[in-house]
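Worksheet: the structure to be examined is printed underneath.
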Amino acid sequence: MLATWFSSNGKLELNERELKIAVTELAQDLQDWPTGHIAFRQRETDALLDQIHAFVGRDLTLDEREERIRLRKKLRRMTDREARIVKGLMLMLSEDPISTYLLQVWEPDGDLPIVARAFIEDELDPNLGTIKQTDVQPPITSPSNPEIWQTVYLLPAAYSEVWALVQKRIAKYGQALTHTVDELPPSVRAAFAVPAVMRNILSQLDERKTLEVLRTGHFLNIGSWKVRMG
């Protein structure tokens, strides 16, 4: 086991400096031990297991058996979510070209720990996808198929940051030059766009598409996903 990360109340239990060190070490470890494993655990999962274990070794009433069924279903949903997070982290740290973007191309901008935290906490957020009045929701589309898209939920400040960069580039180059994820401001790219792309990739894998199919279709070129800013 290369690493075990924990969350509590939907938040990763690592501060900014700890996460930067931990995710960099993990990327290096995976280069040295590519078959290594990582684990992710919600503290709430352990608490739920304790509740389920309390039923062991005694005769249960019908109400207790129904409650145990409910808890076991909840446990399955939680452990499935944890497994999905591990799958996403492994893709980000060891699957080219995703890892090339995060470990090399965007390394000077410090994307990796921001992406890791945003991805994990988005996956744990039961309200992700609940539209807030203040959110801006530009879609991003795959590099090769505009019919495959993912909504990005941008806070107003992040949207303003994108438009400030658009205006700056128009003034300097005569063009917006913000048509792909790679061209977004690094903070917006890392905290919003890349986690959204990863959600789409994982959803396609859930639909039993293979990594080879996704690679051939350029879906793993996360910087080349196209942005529609309106």
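The values are calculated or read from the model by the stated rules, or taken from the named source; none is laboratory data. Since the structure is predicted, the reported quantities are computational estimates derived from the model, not experimental observations. Neighbour counts run over all protein chains shown; Cβ positions are idealised from the backbone, glycine included.
Details
- Candidates 142, 94, 160 - the one that is more than 26 Å from residue 44 (Cα to Cα) and in the same structural domain as residue 39 (by TED's automatic domain parsing): 94
- Test: residue in the stretch 147-165 that is over 26 Å from residue 116 (Cα atoms), modelled with pLDDT of 90 or more and not in a helix (DSSP H, G or I): yes
- The lone exception for residue 34 - which of (1) modelled with pLDDT of 95 or more; (2) over 19 Å from the mean Cα position of the chain (by Cα); (3) closer than 19 Å to residue 88 by Cβ it fails: (1)
- Flag if residue 115 is closer than 22 Å to residue 21 by Cβ and touching a His at 6+ places or on another chain (Cβ under 9 Å): no
- For first residues located in the stretch 1-12 and under 17 Å from residue 125 (Cα atoms), partners that are at pLDDT below 95 and lie 6+ apart or on another chain with Cβ distances below 7 Å form the pairs 10/125.
- Residue in the stretch 136-145 that is assigned to a helix (DSSP H, G or I) and either at pLDDT 95 or above or loosely packed, with under 15 Cβ neighbours inside 10 Å (or both) present: no
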